[in-house]
Amino acid sequence: MKKFVVCLFVAAIAFSFTNSAFAVGAFQKQFVKSYTSEKNNKDYFEAVAKAKCNVCHYGKSKKMRNDYGVALSKLLDKSEFKTSLVKADPEGAEKKILAAFEKVAKMKNAKGLTYGELIKKSELPGTAPKE
C-alpha cells in the first residue's frame, strides 16, 4: 500500500508539469506549422526541429528567453494555453498564437531586421543576449 501511495504521489507531481510543457509545445507546433515545410526547405525544417524550445529560449532554463521569445512572451500568456484550455478551444488558441506571430514578425531585433525577415531568410529568429 505504501508503494502505491508513493507511486500515485510521483505521478501527480509529474502530471503537474505537463501544462507548462504543453503551452510551450503548442507554441512550438504552431511555429513549425506556420513557418516550416519539409518539402519547401528541408534544411530550415530540420534546423527548427533541432532547435525545438531554443526557437524562443536559450540556455537550460525555460525562463531564459532570447529576444524573439521575449517579444512573444509580451503577447502570449502561457497560462492561457494549458492543456485543458487548448483542448477546449483549439481554434481559438491557434488564432491567438498566429496573431502574436504576425505582430512579432513585424518587430525588429537589435540588428534592425524584423523577425519575419529572418524567418523568410530561413534563419532562426531569436538571438540570445551576449553575456
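Summed over region 82-93, residues that are crowded, with 17+ Cβ neighbours inside 10 Å and within 20 Å of Tyr35 (Cα to Cα) total 1.
Each row is one residue, and each column tells you yes or no for (1) surrounded by fewer than 15 Cβ atoms within 10 Å (Cβ to Cβ); (2) aromatic (Phe, Trp, Tyr); (3) touching a Cys at 6+ places or on another chain (Cβ under 6 Å).
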{"site": "Glu38", "(1), (2), (3)": "yes, no, no"}
{"site": "Ala49", "(1), (2), (3)": "yes, no, no"}
{"site": "Tyr58", "(1), (2), (3)": "no, yes, no"}
{"site": "Lys63", "(1), (2), (3)": "yes, no, no"}
{"site": "Asn66", "(1), (2), (3)": "no, no, no"}
{"site": "Lys95", "(1), (2), (3)": "yes, no, no"}
{"site": "Thr127", "(1), (2), (3)": "no, no, no"}
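Which of the residues spanning region 51-78 are farther than 27 Å from Gly112 by Cβ and more than 13 Å from the chain's Cα centre (by Cα)? Within region 51-78, Lys60, Ser61 meet the criteria.
The conditions of being touching a residue at least 24 places away in the same chain (Cβ under 8 Å) and within 16 Å of the chain's Cα centre (by Cα) are not met by Tyr44.
Please go through region 114-125 and pick out each residue that is more than 17 Å from the chain's Cα centre (by Cα), closer than 18 Å to Leu72 by Cβ and either of a type in the set (D, E, K, R) or exposed (fewer than 15 other Cβ atoms within 10 Å of the Cβ) (or both). Residues satisfying the conditions are Glu117, Lys120. Filtered by the rule that a residue be modelled with pLDDT of 90 or more and under 14 Å from Gly25 (Cβ atoms), region 74-89 gives a lone residue, Leu76.
The values are calculated or read from the model by the stated rules, or taken from the named source; none is laboratory data. Being a predicted model, the structure only gives us computed values, none of them experimental. Glycine also receives a Cβ, built like all others from the backbone with ideal geometry; neighbour counts cover every protein chain displayed.
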